[in-house]
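To start, the structure under review is shown below, and the notes come after it.
The values are calculated or read from the model by the stated rules, or taken from the named source; none is laboratory data. Please read all numbers here as calculations on a predicted model, not as lab measurements. No Cβ is skipped: glycine too gets one built from the backbone with ideal geometry, and neighbour counts run over all protein chains shown. All accessible areas refer to the heavy atoms of the entire protein, side chains included, with ligands and DNA or RNA removed. Shrake-Rupley method; radii C 1.70, N 1.55, O 1.52, S 1.80 Å.
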Amino acid sequence: MDIFDHMETALSDLQSAGNYRVFAELERHCSAFPRATFHEETGDTREVTVWCSNDYLGMGQNPIVTSRMTEIIQKCGAGAGGTRNISGTNHYHVLLERELADLHGKEAALIFSSGYVSNWAALGTILSRIPGIIVYSDALNHASMIEGIRHSRCQKRLFRHNDPAHLRALMAADDPAAPKMVAFESVYSMDGDIAPIKEICDVAEDFGAITYLDEVHAVGMYGPRGGGVAEREGLMDRLTVIEGTLGKAFGVMGGYITGPAVLIDFVRSFASGFIFTTALPPALAAGATASIRHLKESRSERAAHQANVAKVRAALDRRGIPHMNNPSHIVPVMVGNASKCKWISDILLTDFGIYVQPINYPTVPVGTERLRITPTPLHDEADIRHLAESLCALWSQCALARAVA
């Protein structure tokens, strides 16, 4: 077999199925989010409005964050200089970890280069080094959690998505003496549904299991201080580990875990994904700290965000554009066809100045292809109207079914 022929065939198959990923070249405008410049392959440029960013609150553009990062880059330079083991833990890493532990009401925190790495490293380390442990993983957990669990090679059980009864049945069938972990998310990023955290904690506690909650799509977004869904529901003390990201609502970059001091020290001491990777630049750590502190005190961003989510849903409903009903800030507009989903996304960008990425297989199952829309507090009434009217026009061109009021 010719290796490169195999690669070409695999890529061609992706293109034929409408699942080949094309990355739009965008240039974000500081202080003008959600505006961006789209750089076309021809060399031409056009101004677009971004509708699918995970910078949910626009904090990546907030002067509170950017001015702090500018200050620290002038003070400390660009990079961290290497791993924390070799180059030392920068003061701004320590301040960030204290802020994160406080946010989630935990003893300690540990930061990583991304949310993906924090899940992979933490789960992989804990599950590979606790003898005989069994992990119970929600069937729709993120790829980073799946990779961490796979890397650990521990015993695993998949429970049906958001189904505490199935979790209970699986746990009851296993050795009661075996150590156990239940790993799940709060907000699931593709469907936008929210886990029954209390009920899952009830089951886990009945079987003496530790719990690991991924709150990457919820931190900054929910709860009186932005601690996530678990904070909003008064459940943070019932979670052993709360994992999150600095790259979504907090607007910067990085991932983290929070939990008991001994567990955090255990991961710090044994996780290769932490030990052997370059640390976050001090300016990023300081910017994330500023963002977290601001969102602990300010609720205006969350309130404006929730209002805009409701406005987008209402505008889509008025035009019969089908979107998945869920209790979160994620608005999946359902297309149900990979080629049409990609075509709509392309036309929105080139003809309407709207950037929203198509979500196709394998990210979502075949037949559930969608446009994942994420409103922000910084989209205005004209943006919302333009989005809804543009989708309405393309829905007619594609002869797609409309939602029944």
Which of rounded, prolate or oblate describes region 1-124 when judged by the alpha-carbon gyration tensor and an a/c cut-off of 1.5? oblate
I need two numbers for region 24-83: Rg to one decimal and Dmax as a whole number, Cα atoms only, in Å. 14.8, 41
Nearest 5 percent is fine: what portion of the DSSP beta bridges confined to region 174-244 is antiparallel? 10 percent
Only Lys, Arg (+1) and Asp, Glu (-1) charged, at Cβ; region 190-249 dipole about Cα centre in debye: 300 debye
Between L11 and Q306, what is the label-to-label distance in nm when each label sits 7 Å out along the Cα-to-Cβ direction? 4.7 nm
E47 and A165 label points (each 7 Å along its Cα→Cβ direction) are spaced in nm at 5.5 nm
With every protein chain in place, the accessible area of Y20 for a 1.4 Å probe, in Å² rounded to the nearest 10, comes to 90 Å²
Note the full-extension length gain between D265 and I347 as 0.36 nm times their separation in residues minus their Cα-Cα distance, in nm to one decimal. 24.5 nm
How large, in percent, is the carbon and sulfur part of the accessible surface of region 277-405 at a probe radius of 1.4 Å? 56 percent
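Computed FRET efficiency, Cβ-Cβ of E107 and C30, R0 51 Å: what is it to the nearest 0.05? Intermediate values should be presented prior to the final figure.
Numbers: r = 37 Å, r/R0 = 0.72.
Working from the Cβ atoms, E equals 0.85.
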Can you tell me how region 88-206 classifies by the Cα gyration tensor, rounded, prolate or oblate, using a/c under 1.5 as the rounded cut? prolate
Estimated dipole of the chain in Debye, rounded to 20 [Cβ of Lys and Arg +1, of Asp and Glu -1, Cα centre]: 580 debye
DSSP bridge orientation in the chain - percent antiparallel, rounded to nearest 5: 60 percent
Net charge near L14: determine it from the other residues with C-beta under 13 Å of the C-beta of L14, scoring Lys and Arg +1 and Asp and Glu -1. 0
Kindly sort H329, H294 by accessible area of their heavy atoms, largest first, with the probe set to 1.4 Å. H294, H329
Say R0 is 45 Å: what FRET efficiency, to the nearest 0.05, do N337 and R299 get from their beta-carbon distance? 0.65
Which one of G259, A315, L239 is farthest out on the positive end of the charge dipole of region 217-355, using unit charges on Cβ (Lys, Arg +1; Asp, Glu -1) and the Cα centre as origin? A315
Low-density loop trypsin sites (Lys or Arg not before Pro), region 326-405, at most 16 other Cβ within 10 Å, DSSP non-H/G/I/E/B, are R402
Taking N as the number of residues in the chain, what is its alpha-carbon radius of gyration divided by 2.2 N^0.38 Å? 1.01
Per residue accessible area of region 263-405, 1.4 Å probe, in Å²: 41 Å²
If packing is taken as the average number of other Cβ atoms within 10 Å across a peptide's residues, how do 75-87, 241-253 rank, most packed first? 241-253, 75-87
Using the Cβ atoms and a cut-off under 13 Å, what net charge is assigned to the surroundings of D383, where Lys and Arg are +1 and Asp and Glu are -1? -1
Using unit Cβ charges (K, R positive; D, E negative) and no other charged atoms, how large, in debye to the nearest 20, is the dipole of region 275-401 about its Cα centre? 320 debye
Express the relative contact order of the chain as a whole percentage, based on alpha carbon pairs under 8 Å and six or more residues apart in sequence. 21 percent
Tell me, what % of the accessible area of region 29-181 is carbon and sulfur with a 1.4 angstrom probe? 52 percent
Given the Cα-Cα distance of N325 and E389 and 0.36 nm per residue of separation, how much length would full extension add, in nm? 21.1 nm
Mind ordering 140-153, 29-42 by average Cβ neighbours within 10 Å, highest first? 140-153, 29-42
Leaving out ligands and nucleic acids, note down the accessible area per residue over region 48-161 with a 1.4 angstrom probe, in whole Å². 44 Å²
CD proxy at 222 nm, helix term only [per DSSP H run n ≥ 4: -39500 (n - 2.57); per residue of the chain; nearest 500]: -13500 deg cm²/dmol
Could you run the Karplus curve 6.51 cos²θ - 1.76 cosθ + 1.60 with θ = phi - 60° over region 239-255 and give me ³J(HN,Hα) per residue in whole Hz, x for Gly and Pro? 9, 6, 10, 10, 10, x, 10, 9, x, 10, 4, 7, x, 10, 6, x, x
